[in-house]
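Written out below as C-alpha cells is the structure these notes cover.
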Amino acid sequence: MRQDAAHARAAVPSAPGAVPDAALARVLRRTLRATWAILAAVVIATAGLAAGASALAVIPPAFLLGWLNLAGL
Amino acid sequence: MLTALTPPGTAAQGRRVWLVSVTAYTVSGLAASVAVGAVLALIGRLSSASLSSSAGLAIAGALAGLAAARELSGGRLPLLQPRRMSSRAWARLGQPRAAILWGLDIGSFFTTRLTFAGAWWLAGVAVLSADIGLAASLFGAYWLGRAAPVWLGPWLVTSATLTPRLAIAWSGLEPRFRFVNAGAALGGTAALLIVFSG
C-alpha cells in the first residue's frame with residue numbers, strides 16, 4: 001500500500017509539503033469518522049462476544065486491524 | 001492498489017467496471033486470506049498449539065505486547081515483513097484481471113508489506129487457535145476490513161483530482177492508527193483471556 005504513496009509522491013513532487021485543500025480535508029474527516037464508527041462497533045461486538053464466552057470475540061478486532069492498513073497506503 | 005480501485009481510479013471505464021473490479025478484488029482476496037488462515041491453524045494443530053492452555057494465552061499476550069510496544073513507539077522496533085509491494089504494473093492487464101491479481105497477492109498476507117505489527121499478533125492467534133474454522137474466519141474478517149475502504153470509495157473520495165494525493169493524505173493518519181492498532185491487539189487478547197481462561 002505504501003507503494004501508492006510512493007507513486008503519488010513521484011507524480012506530484014510538491015504534494016508531501018502541500019497543505020491539504022478542503023476536498024482532501026473532507027476525505028480525511030470522513031475516513032476518521034468511519035474509523036471511529038468501526039472502532040465503536042468493534043468494541044461493542046468484542047465485549048458482547050467475550051461476555052458470552054465465544055471464541056468469535058477475536059473476529060471484530062481482526063476486521064479493525066484490516067481496516068487500519070488504509071494508513072499504510 | 002486501493003487508489004486504482006476507488007471510483008475516480010476507474011471512473012473512465014464506467015461504474016459497472018468499478019463494481020466488477022472491487023467485487024473481484026474482495027472475493028479473490030477473501031479466498032486467499034481464508035486459505036492462509038486455515039493453513040496457519042493447520043500448523044497450530046500439527047504442533048499441538050492451544051489457546052485454552054496457559055502457555056498459548058501467554059504467547060498471544062506476548063505477541064500483543066510486542067505489537068503494542070512497536071506501534072506505541074512510533075514503529076521504532078523493526079517489523080519482520082516482506083519489503084515487497086503488490087505490482088502496480090498489473091493495471092496494464094485491465095480490469096477485473098488486475099483486481100483479481102491484487103486481491104490474491106495482498107490477500108495472501110505474507111507476500112506483501114504488513115504495515116502494522118498487529119498483523120503478527122493475528123497470525124499468532126490463528127496458529128495458537130489450531131481451529132481451522134476460527135482462523136479462516138479471523139483472516140476472512142481481516143481481509144474484509146482491508147477491502148472495506150475500496151467499497152467506501154464512492155463516499156470517501158468524491159473527486160478524481162484527489163486520487164494522486166489520497167495515499168499521501170491517508171499516510172498522515174498513521175500515528176493515530178498505530179495507537180488503534182496497539183489497542184486492537186491488546187483488546188483482542190483481553191477478549192481471548194476472558195473466553196479461554198474463564
Semi-axes in Å, largest first, for segment B:120-198 (Cα gyration tensor, √(5λ)) are 32, 15, 10
Would you kindly derive the ³J(HN,Hα) couplings of segment B:119-132 from the backbone phi angles with the Karplus curve 6.51 cos²θ - 1.76 cosθ + 1.60 (θ = phi - 60°), listing them in order in whole Hz, with x for Gly and Pro? 4, 6, 4, 4, 4, x, 5, 4, 5, 5, 5, 6, 10, 4
Mean shadow area of chain B over all directions, Cα convex hull, nm²: 11.4
So what is the 222 nm mean residue ellipticity for the protein assembly as shown from helices alone, if each DSSP H run of at least 4 adds -39500 (n - 2.57) and you divide by all residues, rounding to the nearest 500 deg cm²/dmol? -22500 deg cm²/dmol
Expressed to two decimals, segment B:27-126 has a Cα Rg over Rh, using the Kirkwood radius, of 1.06
Which of B:24, B:119, B:169 moves the most in a Gaussian network model of chain B with Cα springs under 10 Å? B:169
Using only the Cα atoms of the protein assembly as shown, construct the convex hull and provide its projected area averaged over every direction, in square nanometres to one decimal. 13.5
Cβ-defined net charge surrounding residue A:26, 15 Å radius [Lys, Arg +1; Asp, Glu -1]: +3
What's the angle, to the nearest 10 degrees (0 to 90), between helix B:54-72's Cα axis and the longest principal axis of chain B? 40
For a quick check, take a GNM of chain B with Cα springs below 10 Å and name the residue from B:98, B:58, B:136 with the largest mean-square fluctuation. B:58
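Each value in this text was obtained by applying a stated rule to the coordinates, not by laboratory testing. If you're wondering where the values come from, they're calculated on a predicted model, not measured in any experiment. Methodologically, a virtual Cβ is constructed for each residue, glycine included, from the backbone with ideal geometry; neighbour enumeration extends over all protein chains shown.
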